[in-house]
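The structure appears below as structure tokens.
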Amino acid sequence: MEEKRVGVIGCGVISDVHIPLIKKNHKLVAVCDLKLDVAKKIGEENGCNYYRNFVDMLENESLDSIHILTPHNIRYEIAELACKKGIHFIIEKPLAHTYEEAQKLIELLQIYPNVEATVVYQNRRNRSYIKLKEELGKGETGKVKGLEAIVFWRRDLNYYEAAPWRGKMLESGGGLLINQAIHTIDYLQDIGGEIEKISGQVFKLKNLTLDVEDTASIKLDFKNGVQGFFSGTLCNFNNTSVTLKVYCENGTYTIRDGKLLLSKDNEEVVLERDEKGEIKDYYGASHEKEIDCFYNSLGKSKKLYLPLEESLKSLKIITDIYKESDLR
């Protein structure tokens, strides 16, 4: 893999995952954060330049790519300047804080076809999920009949106080659904396919002073007849494993606690196990695979990374539910 000159914009918690992975194969040239003291600390720790303003960083540094890890509402303007500079980029999920702005970002790349970009949906590269897709492709358990997904986590007010943009609709685009559960909803749409109808509701059960939801329920009807249901909350006592169930004609697959299980003929067997997570086990451990796929694809005809268009599917489900719940 050819070494690239890389910058990081946004030095929050997720940068603790990205920066070590960047440094494994590439040169971290600069970091940027609105909190200059944070950028300075990380820059000095990693022996690179640091900035408060991303415009200054992109103007002054010679970069091959950047990782955009910022609040959701400023990602388009960063991507736009990166495109003008011919800089490739990776965006942490979601692509943008609204579906419309995400579409606009994808249209931007059509103007700059030499710039490559992806959005991080690392859980698609978890061993359990890859194995699940292989099993469903074989069809040995028959057709998929139903999908069920659960995200029961805990986020107290101190989580939002540490980064206030998370609790503001204008900056984050939402709460539980867009910030925590988007990977799980991505699972549902990736397996279920084209959606015929969705309905749902979001709630504020605990963090009542915030703009964004902490709880949600969604019913999904797919055009192929598959029915799906999602339930999630940030009001749980603790953070538990994401659970995904795929009900087939002759068996049920379950992803839970880092394992893929198959229940069939009154027996349950483990088909695959995930690697341990980088920071939190329930995140999954596939950021490295996702980042490597991106850099291994740059300049090559075969693209291993997730196209930005694919990220629109889960984002549309989420923003449609927000509109139905009058959060937009």
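The values are calculated or read from the model by the stated rules, or taken from the named source; none is laboratory data. Please read all numbers here as calculations on a predicted model, not as lab measurements. A quick note on method: Cβ atoms are made from the backbone with ideal geometry, for glycine too, and the neighbour counts reach across all protein chains shown. Calculation scope for accessible area: heavy atoms of the full protein, side chains included, ligands and nucleic acids excluded. Shrake-Rupley method; radii C 1.70, N 1.55, O 1.52, S 1.80 Å.
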Could you calculate the contour length gain from K303 to I130, that is, 0.36 nm times the residue separation minus the distance between their Cα atoms, to one decimal place in nm? 60.5 nm
I need the trypsin sites (Lys or Arg not before Pro) found in the stretch 179-218, filtered to DSSP loop residues with at most 14 other beta carbons within 10 Å of theirs. none
Search the structure for amide H atoms under 5 Å from the amide H of L271, placed 1.01 Å from N in the peptide plane, and list their residues when 5 or more places away or on another chain. L260, L261, L262
Kindly flag which residue pairs out of K223/K316; K40/K168; K143/K223; K245/K316 have an alpha-carbon separation exceeding 18 Å in this structure. K40/K168; K245/K316
Simple SL model, points at 7 angstrom along Cα→Cβ for V269 and N53; separation in nm is 6.2 nm
Whole-percent carbon and sulfur share, accessible surface of the stretch 102-246, 1.4 Å: 51 percent
Cα-based Rg/(2.2 N^0.38 Å) for the stretch 148-244, rounded to two decimals, is 1.11
What percentage of all Cα-Cα pairs in the stretch 1-49 are separated by more than 13 Å? 50 percent
At a 1.4 Å probe, what is the % contribution of carbon and sulfur to the accessible area of the stretch 11-69? 46 percent
Please state the relative contact order of the stretch 1-96 as a whole percent: Cα pairs under 8 Å, 6+ residues apart? 29 percent
Residue-ordered couplings for the stretch 75-81, obtained by feeding phi - 60° into the Karplus form 6.51 cos²θ - 1.76 cosθ + 1.60 and rounding to whole Hz (Gly and Pro as x), are 6, 4, 5, 5, 4, 4, 5
Largest first, please: the extent of the C-alpha atoms of the chain along each principal axis, to the nearest Å. 62, 46, 36
Considering only the chain, what is the antiparallel percent among its DSSP beta bridges, to the nearest 5? 60 percent
Based on the Cβ-Cβ distance from K84 to N296, what FRET efficiency comes out when R0 is 22 Å, to the nearest 0.05? 0.30
Using 1/(1 + (r/R0)^6) with R0 = 22 angstrom and r between the beta carbons of E107 and F229, what's the FRET efficiency to the nearest 0.05? 0.10
When you count, for each residue, the other Cβ atoms within 10 Å and take the mean per peptide, how do 65-73, 207-215 rank with the highest first? 65-73, 207-215
Once you wrap a convex hull around the alpha carbon atoms of the stretch 47-136, what is its projected area averaged over all directions, in nm²? 7.9 nm²
Which value, in Å², gives the accessible area per residue of the chain when a 1.4 Å probe is used on the protein heavy atoms? 45 Å²
Calculated [θ] (222 nm, deg cm²/dmol) that DSSP helices of n ≥ 4 give over the chain, each run adding -39,500 (n - 2.57): -10500 deg cm²/dmol
